[in-house]
Amino acid sequence: MIVAFEHVGSTALPGMSAVPTIDILAAVRDLAESDDQVVASLVTAGWEHRPDDEARIPGRRFFNQPRGTGYRTTRTSHVHIAKFDSPQWRDPITFRDFFRNHVQAVRLYLNLKRSPVSRPYQNPSDYSALKAEFVASVLARATAC
């Protein structure tokens, strides 16, 4: 059973440019419980389970809504399921909250995002890979505070 939800990713940051994809982070007490009840419920509701994307970030389950017409991305919504209070749960929230509290860092992130966002990419994972080093540096700063 899901015990908490958070809106994460760029669309969770007021004023941040973002691809039109909503990222929802859902927490479970035990990730194994998402393998039966939660996975089945989301698939029945029209979400696509993506175990191929789960390999990039172990310790989470990943789902997406197929794109609608007129979108530049192949996914319009994501649901990430992670164990409550695990790094996979904490890191996206820490990243989001750091930007909410450090306006100067938002400008740096915007500059980084504007370059790849304006170019077409074949796979959303390519876009994420372009940001990975910056994300790691922000998490290091945020956890050091």
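The values are calculated or read from the model by the stated rules, or taken from the named source; none is laboratory data. A quick note: this is a predicted structure, and the numbers were derived from the prediction, not measured. Here the Cβ is made from the backbone with ideal geometry for all residues, glycine too, and neighbour counts use every protein chain on show.
Say whether the condition of being closer than 12 Å to Ala82 by Cβ and touching a residue at least 60 places away in the same chain (Cβ under 8 Å) is met by at least one residue in the stretch 37-45. No, because not a single residue in the stretch 37-45 is closer than 12 Å to Ala82 by Cβ and touching a residue at least 60 places away in the same chain (Cβ under 8 Å).
Has the stretch 81-90 got any residue that is charged (D, E, K, R) and on the phi > 0 side of the Ramachandran plot? For the stretch 81-90, residues charged (D, E, K, R) and on the phi > 0 side of the Ramachandran plot: present. Residues in the stretch 22-50 that are touching a Lys or Arg at 6+ places or on another chain (Cβ under 8 Å) and of a type outside the set (Gly, Ala, Ser) were compared, and the one that is surrounded by the most Cβ atoms within 10 Å (Cβ to Cβ) is Val28.
Residues of the stretch 65-77 that are modelled with pLDDT of 60 or more and farther than 11 Å from Pro20 by Cα: Gln65, Pro66. Looking only at residues of the stretch 3-29 that are under 12 Å from the mean Cα position of the chain (by Cα) and of a type outside the set (A, V, I, L, M, F, W, C), we find that the one that is nearest to Arg114 (Cα to Cα) is Ser10. For Glu133, the criteria (1) surrounded by fewer than 17 Cβ atoms within 10 Å (Cβ to Cβ); (2) among the charged types (D, E, K, R); (3) modelled with pLDDT of 90 or more; (4) assigned to a helix (DSSP H, G or I) hold in every case but one, which is (3).
Of all the residues in the stretch 101-130, those that are outside any helix (DSSP H, G or I), modelled with pLDDT under 70 and surrounded by 13 or more Cβ atoms within 10 Å (Cβ to Cβ) number 1. Here Thr11 fulfils each of the conditions (1) surrounded by 15 or more Cβ atoms within 10 Å (Cβ to Cβ); (2) touching a residue at least 40 places away in the same chain (Cβ under 8 Å); (3) among the polar types (S, T, N, Q) apart from (2). Among the conditions (1) among the aliphatic types (A, V, I, L, M); (2) at pLDDT 90 or above; (3) closer than 24 Å to Cys145 by Cβ; (4) out of contact with any helix residue (DSSP H, G or I) (no Cβ under 6 Å at 6 or more places or on another chain), Ala26 misses just one, which is (3).
Of the listed requirements (1) among the aliphatic types (A, V, I, L, M); (2) touching a residue at least 40 places away in the same chain (Cβ under 8 Å); (3) surrounded by 15 or more Cβ atoms within 10 Å (Cβ to Cβ), Ala4 misses just one: (3).
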